[in-house]
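Each value in this text was obtained by applying a stated rule to the coordinates, not by laboratory testing. Treat the numbers as computed from the prediction; the structure is a model and nothing was measured. Note: ideal-geometry Cβ built from the backbone for every residue, glycine included; neighbour counts use all protein chains shown.
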Amino acid sequence: MNRRNGSIRCREHKPTLLLVIGLIFAGLSNAQSRLSLEDAIKQAIESRASLKAENERIAAARGLEKQASLRQNPEFLFQNENLRPGQTYTRDVDTVAYVIQPLDVMGKRSHRMEASREGVVRTQAEYDLARIQLIDAVKLAYWTARGAQEVREVLRASVANFQKTVDYHAARFSVGAIAEQDLLRVRLESERLKISANLAVVEADRGTMALFKEMGRPAVRDVVLTEPLELANSFHETTLDQVLAQRNEVRLARASVAESTAKESLEAVLARPDLSVFAGYKRTELPDTTYGVNTIIAGFQISLPVINKNQGNREAAGAEVRRRQQLLVAAEGDVRAEYESALQEYRTRRDEAAGTLQLLREEANNVAQIASNAYVEGGTDLLRLLDAERARIDADLAWARGMSDYHQSIVRLEAAEGVSQ
């Protein structure tokens, strides 16, 4: 009876147990979030406050452009004449009222609009440059963190695999097949690997935090970077002229030259006279009468730029144009040097990744396997086994770090060519 009741209770609680087990496994599977390079870039663009601030500068520049296109407001003037003590205001005082409208007949408004338009172009170029620099920084941080994670996993696997060697020697020592010195040497090597693995965990966490800092988001420790470290598809190299046309630094420098040139033209136009017309009404009380006459006032006024011809502002604007032109030359020179350096680094890293690193890794694994088999058969000593195992681990670490450097060189070359997306 008890066994029957127990089986009934088990059947009753079976769905609940299955649900609990499913929730546990679901929680374990969700404990580590996965992050691709594309997602990292997308989150950085959406979250980085400094990039949002740069975007607001575009709105500010467009507001200035709108303001520059507006015409000047008219002015209203009202005045009284012949005010003296003892007078009756409605009978003895003359009244004048008229409207003044400034006119833009010297091209100042069109030059203001042109300068403001160039300001919008320059601000947009600054935003584009900030966006590309953010993307490049996220890419570099991503591949640095990805390489650190690969190093961490290599050392973790090495520690786990080497533990089998420790257990094997401990079993042989327990039966008196090896000396205690050999067991201690194996355990010392195991502890050295564990220390390296712990340091790799610290470096991987540091790389992950640096990545999330570039993304402008709170750091997540248990995140898995999913991009593979294998060789990428062949990278298309471009010409130097295309590089100069694509680089945002050069675009920004050229936009700055165009804006300063437009401002120089504006300062020259501002030296021209200002013209205003006015029209209005005047009521004059006639002497010794109780009534007055109404008249119309009309005329114009023009400024006379005799002393102030805007000389200082024109000189400053001309100097600014020359300065921007020199900065353009400097930017083009920096781009050429950066591109040549990035291209050379990429070619070196590509050849190293495609040839040396992979071959070194395969040969080190073969040597380690041969040494392990020979040691089991008694054909070699412990020191050779440990040396072969160190060489295998060093080759795996060199591959992980080299592939990380290879992908970073691609990021630098893309940035140098101005093709970062």
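Both the radius of gyration and Dmax for the chain are 39.7, 143 Å, in that order, over alpha-carbon atoms. Its residue count N sets the reference 2.2 N^0.38 Å, and the alpha-carbon radius of gyration of segment 94-215 equals 2.56 times that reference.
Computed extension gain for SER36 through SER69, at 0.36 nm per residue and net of the alpha carbon distance, reaches 7.3 nm. For a modelled paramagnetic label at SER47, 7 Å from Cα along Cα-to-Cβ, the residues of segment 138-171 in reach, with backbone nitrogen under 17 Å, are 138-146.
Applying 0.36 nm per residue to the separation of SER276 and ALA97 and subtracting their alpha-carbon distance, the gain on full extension is 62.8 nm. The packing ranking of peptides 261-274, 171-184, 213-226, highest mean first, is 261-274, 213-226, 171-184, where packing means the average number of other beta carbon atoms within 10 angstrom of each residue.
Taking Cα atoms only, the orientation of helix 311-351 departs from the longest principal axis of the chain by about 20 degrees. The string of couplings for segment 205-217 from the Karplus curve (6.51, -1.76, 1.60, θ = phi - 60°) is 5, 5, x, 5, 5, 5, 5, 5, 5, 5, 6, x, 10 Hz, one whole number per residue in order, with x for Gly and Pro.
Applied to segment 181-192, the Karplus parametrisation 6.51 cos²θ - 1.76 cosθ + 1.60 on θ = phi - 60° returns per-residue 3J(HN,Hα) values of 4, 5, 5, 5, 5, 5, 5, 5, 5, 5, 5, 5 Hz, with x for Gly and Pro. Comparing mean-square fluctuations of HIS111, HIS169, HIS407 from a GNM of the chain with C-alpha springs under 10 Å, the top value falls on HIS169. The Cβ shell under 10 Å around ARG349 holds other residues with a net charge of -1, Lys and Arg each +1, Asp and Glu each -1. In this simple spin-label approximation, LEU286 and LEU327 carry label points 7 Å from Cα along the Cα→Cβ vector, and these lie 7.0 nm apart.
First select every other residue whose beta carbon is under 12 angstrom from the beta carbon of ASN80; then total the charges, Lys and Arg +1, Asp and Glu -1. Don't skip to the end; give the middle numbers.
Details: positive: ARG84, LYS282, ARG283; negative: GLU81, ASP92, ASP94, GLU285.
Neighbour charge sum, excluding ASN80 itself: -1.
Using 0.36 nm per residue and subtracting the Cα-Cα separation, the extra length available between ALA157 and LEU383 on full extension is 79.2 nm.
Computed from Cα atoms, the angle from the helix 37-47 axis to the main principal axis of the chain rounds to 40 degrees.
What does the charge count around PRO102 come to, taking other residues whose C-beta lies under 15 Å from its C-beta (Lys +1, Arg +1, Asp -1, Glu -1)?
On the way: positive: ARG71, LYS108, ARG109, ARG112, ARG272; negative: GLU75, ASP104, ASP274.
Taking every Cβ under 15 Å from that of PRO102, the sum is +2.
The angle between the Cα long axis of helix 382-417 and the main principal axis of the chain comes to about 20°, on a 0 to 90 degree scale. In loop segments of segment 356-420 as defined by DSSP, the GluC sites (Glu not before Pro) with at most 14 further C-beta atoms inside 10 Å of their C-beta are GLU377.
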